[in-house]
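*Asks:* One structure follows; several queries about it will come next.
The values are calculated or read from the model by the stated rules, or taken from the named source; none is laboratory data. None of these values were measured; they are calculated from a predicted model. Glycine gets a Cβ as well: all are built from the backbone with ideal geometry, and neighbour counts include every protein chain shown.
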Amino acid sequence: MNRVILCGRLANRPRLTYAPCGLAVAHFRVFVTRRNAQPGDETAEDGIDCIAVRRVAIELYTWGEAGVRVNLEGQLTPDSPYPAGRQPGLRVLVDHAYCADPEPADVARWLLVRARTAGPRLRQEQAA
């Protein structure tokens, strides 16, 4: 059984493209907070690449903005073909996506805190 459930924040607005057959495909990245086992250690965020197709892709593109909290359900798939200059890895093929943000103010507050704490690393990830 290959089932993944992610709770995190969108790194940026999903990129919506259409396959030649007319299939909607959204590519996006979700930052998931990883808690360290040692008490007192800082939490870290892992960026996880995701793909959504069909109706889920269009819905994510419609309401998805940078910093919006999302709950995703899907399955792990190999990251292929491998993008140039990156290590082979995995992606999440999203079956269901839910917006978990009750208010836009939560998104603005998260973006402000992230910009202060991430600094240069965030700018590098957004440029990629």
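*Asks:* Can you pull out every residue in the range 50-69 that is modelled with pLDDT of 90 or more, crowded, with 18+ Cβ neighbours inside 10 Å and not in a helix (DSSP H, G or I)?
*Replies:* C50, I51, A52
*Asks:* State whether the residues of the range 25-37 include one that is farther than 21 Å from V4 by Cβ and in contact (Cβ under 8 Å) with a residue 12 or more places away in the chain.
*Replies:* no
*Asks:* Still on this model: For the range 1-24, how many residues are under 22 Å from P78 (Cβ atoms) and either of a type in the set (G, A, S) or part of a strand (DSSP E or B) (or both)?
*Replies:* 9
*Asks:* Now, a different point. Restricting the search to the range 75-86, which residues are surrounded by 11 or more Cβ atoms within 10 Å (Cβ to Cβ) and modelled with pLDDT of 75 or more?
*Replies:* Answer for the range 75-86, where residues must be surrounded by 11 or more Cβ atoms within 10 Å (Cβ to Cβ) and modelled with pLDDT of 75 or more: Q75, L76, T77.
*Asks:* Which is of a type outside the set (A, V, I, L, M), touching a Ser or Thr at 6+ places or on another chain (Cβ under 8 Å) and either at pLDDT 90 or above or over 27 Å from D101 (Cβ atoms) (or both), of G8, G89, G40?
*Replies:* Residue meeting the stated conditions: G8.
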